[in-house]
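One structure below.
The values are calculated or read from the model by the stated rules, or taken from the named source; none is laboratory data. Fair warning: this is a prediction, and the values are worked out from it, not measured in the lab. When we count neighbours, we look across all protein chains shown, and the Cβ atoms used for this are built from the backbone with ideal geometry, even at glycine.
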Amino acid sequence: MGGFRDHAQSVAAWAGYHAQKAHLPPQVGFLLGSRRYQAQRASFLSGQTLDIKAAKVLENAGMAVFDCTIFIDDEEVARAQLNTYVPTQEKLAEMAKQEVTENG
């Protein structure tokens, strides 16, 4: 599936950039899934320059939706909507504790 990982990495870079601008450390985030994935190519050639746009369209209580598009030479080659979650530090600690308890 050409581009899905590139979309996700772009969202992570977007989040890191905005955290840095706010003088905050990067946060742990989760990719929950994608919707409406469309690609005009099955893969990309090694060395091709990909221009990737990730725009946040919705955010509420740590959940966010991003519209992502990949272009090669100004031609749209892939598009998807990503659903993400950034837990609070408290929720992240709770999740980690639950993982340890369940897996001993």
Being surrounded by 11 or more Cβ atoms within 10 Å (Cβ to Cβ), within 25 Å of residue 92 (Cα to Cα) and aliphatic (A, V, I, L, M) narrows it down to one residue among 77, 28, 57; which is it? 28
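Every residue, every condition in (1) over 17 Å from residue 85 (Cα atoms); (2) among the small types (Gly, Ala, Ser); (3) in contact with a strand residue (DSSP E or B) (Cβ under 9 Å, 6 or more places away or on another chain), yes or no:
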{"site": "10", "(1), (2), (3)": "no, yes, yes"}
{"site": "13", "(1), (2), (3)": "no, yes, yes"}
{"site": "28", "(1), (2), (3)": "no, no, no"}
{"site": "32", "(1), (2), (3)": "no, no, yes"}
{"site": "44", "(1), (2), (3)": "yes, no, yes"}
{"site": "49", "(1), (2), (3)": "yes, no, yes"}
{"site": "57", "(1), (2), (3)": "no, no, yes"}
{"site": "63", "(1), (2), (3)": "no, no, yes"}
Taking only region 60-74 into account, find how many residues are surrounded by fewer than 16 Cβ atoms within 10 Å (Cβ to Cβ) and more than 13 Å from residue 6 (Cα to Cα). 6
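In the list 57, 11, which residue meets the criterion of being outside any helix (DSSP H, G or I) and of a type in the set (Val, Ile, Thr)? Steps first, please.
Details: 11 fails: outside any helix (DSSP H, G or I).
Unique residue meeting the criteria: 57.
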Identify, please: which residue in region 75-92 is more than 19 Å from residue 3 (Cβ to Cβ) and aliphatic (A, V, I, L, M) and is, among those, nearest to the chain's Cα centre (by Cα)? 86
On the given criteria, is residue 96 outside any strand (DSSP E or B), exposed (fewer than 11 other Cβ atoms within 10 Å of the Cβ) and aliphatic (A, V, I, L, M)? no
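Can you find a residue in region 72-88 that is within 19 Å of residue 16 (Cβ to Cβ), at pLDDT below 90 and in a helix (DSSP H, G or I)? So that I can check it myself, show each step before the final result.
Of the residues in region 72-88, the ones within 19 Å of residue 16 (Cβ to Cβ) are 82-88.
Now drop any that are not at pLDDT below 90, which leaves 88.
Checking which are in a helix (DSSP H, G or I) leaves us with none.
So far as region 72-88 goes, no, none of its residues is within 19 Å of residue 16 (Cβ to Cβ), at pLDDT below 90 and in a helix (DSSP H, G or I).
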